[in-house]
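Read through the structure below, which is laid out as structure tokens, and then see the notes.
Every read-out reported here was derived from the displayed coordinates using simple, explicitly stated rules and does not represent laboratory data. Values in this document were obtained by computation on a predicted structure and should not be read as measured data. Glycine also receives a Cβ, built like all others from the backbone with ideal geometry; neighbour counts cover every protein chain displayed.
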Amino acid sequence: MPETLEAEVIAIDGKPPEPTPEPRDPRRTQGHRAFHGFRGRVVKLDRRWWPLWLLLGLVFGVFIIAFLIIAAAFSLLRGLIRGIAGLFAPRARS
């Protein structure tokens, strides 16, 4: 059985060895830093996009108003038809 010699390397070709990396804290991973760097930007909209958000808000508002007007007209028309139909319906005598 051959004997194994152990030695600490001080320098190879005039360069010291690279230090061994210290164990990382599992809470300080790359994803963790990326997430905390993103904090605050989730609720804030980019200022460059405000014309788009304004336009989309106006379009959405117009659609809501149009839907409400159509629903009110439909309800009014339905009541008018029921009223006219009630004029011609036979009434029960008591």
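Couple of notes before you dig in:
- Theoretical FRET efficiency, 1/(1+(r/R0)^6), r = Cβ-Cβ of Val62 and Leu87, R0 25 Å, to 0.05: 0.10
- Full-stretch length increase - Lys15, Leu76 - with 0.36 nm per residue and alpha-carbon distance subtracted: 13.0 nm
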